Amino acid sequence: MTADLLAAELGALPAPGSWRAALWRPDAPGAVLDSQPWARTWGGYLRALFDPHDPSVRTFIANAMTERVPSQGGFLVPENLRSQVMSYMTTAVVRPNAMVLPMDSLRLPIPVLDNPTQNSGNQALGGLTFSFTEEGAAISASVPSFGRTVLEAHKLAAYLQDVPNELVDDAAGPFGDFLARVIARGYGWAEDDSFFNGTGVGQPQGLIYAPSQVTVTRGTSSKVLLTDIAAMFKVLHPAARQDGFTPGVTSVRWLVSSTAMDQILELYLAVGTPANQAVAPSDWFQAGDGDKVGPSILGLPVSVTDHQPAVGSTGDVMLADISQYLIGDRLEMTVERSAQGAGFIKGTSNFRVRSRVDGRYWIQFTTTTEAGQTVGPVVVLQ
């Protein structure tokens, strides 16, 4: 589905927080370029943009740029084309499940609730404290403690090298779709890697550094055991667990490295005694149907990623409510082309693509339940 059709289907402004809110938007900087004939395809855009004999497109884009676009060089990408790239990021893990917040400035302050306990009926994950009140009686006041976290747009760039000029000049349609998919795959992978592992300094803060995480120490070194999985499940915040079991809500999931998944499969296909006697697979793991239903552990979906370390390392298995992860998106993309140096001799071009994004976890503390249990929306196996 094209960005235009998607925007028409969802409306001009999708639901706040939806990952589709960062697809086509009329308030994005590049939207002012969409009406131009050269803004319909990547091939047509690049061919017109870098025409050595006609600088009109470059002049038009330069005049359309506002203070919202970084002054780091490059030309603003039309919103239709930026949205095409984002719509191809279907294999991303974090963005489709996170809360995406469009940014119209360098920094976006976000209020956070600082209520780390549910004792005496407090609402630890936010909101008002409700109580039954007699008619005419005073209503109990809610006095939450507020904090603040800040999203700051960080530059995320890629370099596509030695693209034959003939592809750009002669095959606008195929090359444009190819380029959009290549950018989407690379950008989606880089985003996910930062959303998993970023330190939060000059880059997003990864899930593994979420301030509200609860850690579980594995029972056996370099192993993932069923007891580890059960221990992680038990300290997932009850609200996140309930969300995960609610039909249609898929933001609560297991995040598993490929080598950790191998061990989980071995647990699932365990052999009995004697060793050659197979034990019927248990219902705690479901492999999925290969079509619409993916794998699940204890009823919650599983994502196997290459952003987590080898089995036995901290973070090889995580259980997270990704809906509480905040992504700040500046909704802008710039592109540059260079055919100088060796590229001039070979008849090739290099492309540099930039975007700006940030991410960090919204909930800032673990929670003490009314039963005195320490739980959190992110659980990490140590």
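The values are calculated or read from the model by the stated rules, or taken from the named source; none is laboratory data. Just so it is clear, the structure is predicted and the values come from calculations on it, not from any experiment. We place every Cβ from the backbone using ideal geometry, glycine too, and count neighbours over all the protein chains shown. Calculation scope for accessible area: heavy atoms of the full protein, side chains included, ligands and nucleic acids excluded. Shrake-Rupley method; radii C 1.70, N 1.55, O 1.52, S 1.80 Å.
Brief remarks on what is shown
- Over all other residues within a Cβ to Cβ distance under 15 Å of Val311, the charged ones net out to -3, with Lys and Arg as +1 and Asp and Glu as -1.
- Spacing of the modelled spin labels on Thr59 and Phe365, each 7 Å from Cα toward Cβ, amounts to 6.0 nm.
- Gap separating the Cα centres of the stretch 297-368 and the stretch 216-242, nearest whole Å: 25 Å
- Scalar couplings 3J(HN,Hα) for the stretch 93-109, obtained by applying the Karplus form with A = 6.51, B = -1.76, C = 1.60 to θ = phi - 60°, are 9, 7, 3, x, 10, 8, 9, 8, 10, x, 10, 10, 8, 4, 10, 10, x Hz; x denotes Gly and Pro.
- Solvent-accessible surface (1.4 angstrom probe) belonging to Ser258, in square angstrom, nearest 10: 70 Å²
- For Thr227, net neighbour charge (Lys/Arg +1, Asp/Glu -1) across residues whose Cβ lies under 14 Å away: +2
- Close amide H pairs (under 5 Å, H built 1.01 Å from N) link Gly200 with Gln205, Gly206, residues at least 5 positions away or on another chain.
- Summing charges over neighbours of Gln263, with a neighbour being any other residue whose Cβ is under 15 Å away from its Cβ, gives -2 when K and R count +1 and D and E count -1.
- Taken one residue at a time, the phi angles of the stretch 355-364 give Karplus couplings (6.51, -1.76, 1.60, θ = phi - 60°) of 8, 9, 7, 8, x, 6, 7, 6, 6, 9 Hz. Gly and Pro are set to x.
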